[in-house]
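What follows draws every value from the coordinates through simple rules; no lab data is involved. Just so it is clear, the structure is predicted and the values come from calculations on it, not from any experiment. Heads up, the Cβs are rebuilt from the backbone with ideal geometry, glycines too, and the neighbour counts pull from every protein chain shown.
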Ligand SMILES: NC(=O)c1ccc[n+]([C@@H]2O[C@H](COP(=O)([O-])OP(=O)(O)OC[C@H]3O[C@@H](n4cnc5c(N)ncnc54)[C@H](O)[C@@H]3O)[C@@H](O)[C@H]2O)c1
Ligand SMILES: O=P(O)(O)OC[C@@H](O)[C@@H](O)[C@H](O)[C@H](O)CO
């Protein structure tokens, strides 16, 4: 079995690549980072160091690596004979890998089973976003896309920090991991990935993951950044930051329980588990990594505005979520392109226009005035 995986970064090597390797796939990593691909191409293995409770070291071998920019034809050929394609490149990058996937699909022998495609990104229905982009690049006169490819949404959960320099290809990760995959698109041909869980209704799982793990994580990052702290574990050790993160997760818990019918005690246990993951002192994760790309994180269906908007629609005024968004508006890491873009938007646009541009909420939305007030306050400081 062969899998082509786009994005040989943190989660690509430390999670998806590892689980596919353990499932028996030969993994072909495709990435645009030339130095990384050269290193992978000349290595015969790398280690994944799982740190925290019950630490372990796992070795990944039997992989190859290609530069999907300079060796695109070779990647297309690999896809044409692959069983599976996965991505972990970032939601905004899916549109760039989609045409390569479409070319690979077009080059497949008609007798091959449909290619199984899963985007492992932090976004609601990321695979669907990828499918839309592949369809846009697809020539319908050749074959029906649905007869040559199966697209399944997934939720991936493992904290993989940026790796320390000098570590080579090895990856340090937390011990926890969860990969939940929508079973329904596969019919009778569900891939055999022992480390993954296949479910019939992914919606509640993905919202629970994004609106608990990622909402809490980003809150810790932005509150920690505001407090001048470097690491997520340091931020969580600060009682004021920890209390604010806890309050945010109280609000998302209220939504998730009401919307999806999760048992409150089970959701509380899930929250507790996640808070303990954030405090893992062995994981060198930083507020700058976790807070990266604040414009994406403040998007309409993302970890803050998504749950806050739904609460507001249900007549509940979020407080802690708005405080976290306020901290996100102050994330001014100059090395983060989106933080710079956000700062420019805040200085160039009036508050109402900034709300619409950043969150895509219409002025009629019940959450709109509260975010407008946050932005007015932020602008008054500048
Ligand atoms: N790191 C985590 O803890 C974690 C956990 C769950 C999900 N995710 C999600 O996984 C995705 C990747 O995150 P990451 O932390 O691994 O980031 P990363 O920056 O470590 O890795 C992304 C990789 O994608 C590559 N890339 C960029 N453009 C590309 C292109 N056009 N074609 C092929 N490769 C390309 C980059 O060179 C990089 O190696 C994101 O969507 C993230 O939200 C991350
Ligand atoms: O990857 P992002 O930028 O969407 O979010 C940053 C972190 O919260 C994220 O990478 C987590 O570590 C991960 O989602 C844990 O499963």
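Structure remark: mean-square fluctuation, Gaussian network model of the chain, C-alpha springs under 10 Å; the largest value among 328, 218, 237 belongs to 237. As a ratio to 2.2 N^0.38 Å, the alpha-carbon radius of gyration for the chain is 1.00.
The mean sequence separation of alpha-carbon pairs under 8 Å and at least six residues apart, normalised by the residue count of the range 2-201, gives a relative contact order of 23 percent. For the pair residue 272 and residue 337, a Förster radius of 30 Å applied to the C-beta separation gives a FRET efficiency near 0.30, rounded to the nearest 0.05. Note on the range 163-217 and the range 233-280: Cα centroid distance 19 Å, given to the nearest whole angstrom. The C-alpha radius of gyration of the range 204-381, expressed as a fraction of 2.2 N^0.38 Å, stands at 0.98.
Structural descriptor for the range 242-365: relative contact order 26 percent, calculated from alpha carbon pairs under 8 angstrom and at least 6 residues apart.
Remark: spin-label model distance residue 58-residue 34 equals 3.3 nm, labels positioned 7 Å along the Cα→Cβ axis.
Rounded to 0.05, the FRET efficiency of the residue 313 and residue 348 pair, given R0 = 25 Å and the Cβ-Cβ distance, is 0.25. A crude spin-label estimate for the pair residue 192 and residue 135, with each label 7 Å from Cα along the Cβ direction, gives 3.3 nm. In percent, rounded to a whole number, the relative contact order of the chain is 13, using alpha-carbon pairs under 8 Å and six or more apart. Multiplying the residue separation of residue 128 and residue 162 by 0.36 nm and removing their Cα-Cα distance gives an extension gain of 9.5 nm. For the range 310-331, backbone nitrogen atoms closer than 18 Å to the point 7 Å from residue 240 Cα along Cα-to-C-beta are found at 320-331. Computed over the Cα atoms of the range 164-309, pair by distinct pair, the Kirkwood hydrodynamic radius stands at 16.6 angstrom. Between residue 142 and residue 111, the modelled labels are 2.0 nm apart [label points 7 Å from Cα along Cα→Cβ]. As a calculated quantity, the FRET efficiency between residue 382 and residue 263 at R0 = 41 Å, using C-beta atoms, amounts to about 0.35. When the alpha carbon coordinates of the range 2-201 are projected onto the principal axes, the ranges are 51, 39, 29 Å, largest first.
Adding -39500 (n - 2.57) for every DSSP H run of four residues or longer, then dividing by how many residues the chain holds, sets the calculated 222 nm ellipticity at -13000 deg cm²/dmol.
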